[in-house]
């Protein structure tokens, strides 16, 4: 199994249709990737495309259920629309996670609007994957602060800092135990250092396939193979860890309680009362102690 | 001739004309815990089939120990004259002393001045860098500037600086990888004549687009070893931009820029 936690349903030739979907899958197969998270793309640039693209990704991932993991996005600028779309994607489309690209979506991670989305992700039990590695909206440290504010939500650094902020990504990953890292973009030395310095049980791998061509995915897989040379490390990153984060996938199916009679996933934490508050005065009730410092709030 | 993994070297062993590979940016012994320095770099070059490499001071030397780093590069290049080409660095904040050290390093053999605005804490267009950049132009020493996603590394900042100092040659290190990649095609279309483009950290699959969008005589292959494995980089670059079709990009352009004698 090679689990790629960072792909986009997009091709350099433009938005996909069914014919190009098949080509996308064929290219994926040729690169050796067996499972992948499928992230949106057009909706990150254009909020008007969000519902349509979320639908398209769900349909696309249904071509290979269990192998293609659908992610969706919402527009954090409009909390009411975001809430409705988030709920629709999880409950009707079986969305398994949400992607936020702060600089493409012009959204500070330190905004109350993003806090609302984070609370919804925690409520539904789906992880949030962030683009990171780009100032001024997407630094790893900013996302670490977000993770510490929302300790019951799982976060993923989509790039582990890219080429310039990988040292910051190390500090970020070590500062919040609900923050995971997707090794997608740093150079070889940086990948080695991240593996050496961080909790390996929260590291995954990604290629950005779809945004980059198949040879790019192969290139990034080769980087990981060179970096993850310790016994079991490569398998942990490309298989075991993503299966823990995405139990829907083959080899570790969701439990019966997490699926309905048709085998579809249902919200993992369907608590009756949402904890997020819409509007301008967002207040979240956190746990009694900080999960990192263990100090009382 | 080392036995290399890369096919360009294998072919040369069979008697065909060999493509000279010159790596535009390597860093021997760059940081604690990052390997065994010079022997490791030479082994990486041998495995990749890289003939020569520009060697630059490491991060600490770029930030705070400029003279120490420059002298180390000079010493290594004297020890391995057939493999290493020395670069030097000086922090522009040293003012007149920076210019004196640049002149000394040039006379000692430096072929490239490396500036890293992010590590050295200045904006490439800041007046404090002006005299050093003009001195580099007077010495015919190209100025390699690291670019990337940090605030002082935007390719557009370097384009403006290159236009401001037309008598100085500049090399855009890394072409703004990764997130300034969106700027590159526009930059290539309007690049001033004194600006070259170094390709380490650039994703191999986008290089053909860059070459098509600009002047191919201005592109320089680089690996940034040992942060990257040059054999892996060269293999993937070769797949995107065949070495035998682009010997200029893989060595000749750099050789011309820094005045290497053609073997």
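No value in this document is a laboratory result; all are computed from the given coordinates. These numbers come from a predicted model, not from an experiment. Here the Cβ is made from the backbone with ideal geometry for all residues, glycine too, and neighbour counts use every protein chain on show.
Remarks
- Simple spin-label estimate for residue B:104 and residue B:185 gives 4.8 nm between the two label positions (7 Å along the Cα-to-Cβ direction from each Cα).
- Taking other C-beta atoms within 10 Å as the exposure proxy, A:83, A:91, B:96, A:96 rank B:96, A:91, A:83, A:96 from fewest upward.
- Per-residue shielding of A:186-195, expressed as the average number of other chain Cβ atoms within 10 Å of the residue Cβ, stands at 4.
- Candidates B:234, B:185, B:132: whichever shows maximal mean-square fluctuation once chain B is modelled as a Gaussian network with Cα springs under 10 Å: B:185
- Where only alpha carbons of the range A:21-139 are counted, the Rg and the Dmax (Å): 14.2, 42
- Computed over the Cα atoms of the protein assembly as shown, the ratio of the radius of gyration to the Kirkwood radius (Rg/Rh) comes to 1.00.
- Full-stretch length increase - residue B:134, residue B:215 - with 0.36 nm per residue and alpha-carbon distance subtracted: 26.7 nm
- Taking the average, over residues, of other Cβ atoms within 10 Å as the packing measure, peptides B:118-131, A:121-134 rank A:121-134, B:118-131 from highest down.
- Two-decimal Rg to Rh for chain B - Kirkwood Rh, Cα set: 0.94
- 222 nm mean residue ellipticity, helices alone, for chain B (DSSP H n ≥ 4; -39,500 (n - 2.57); rounded to 500): -11000 deg cm²/dmol
- Shielding by partners, peptide B:176-182 (average Cβ within 10 angstrom, other chains): 4
- Fully extending the segment from residue B:126 to residue B:151, taken as 0.36 nm per residue of separation minus the present Cα-Cα distance, adds 7.6 nm.
- Sorting B:182, A:165 by the number of Cβ atoms found within 10 Å of their own Cβ, with the fewest placed first, yields B:182, A:165.
- Scaled radius of gyration (Cα, divided by 2.2 N^0.38 Å) that the range A:90-191 gives: 1.01
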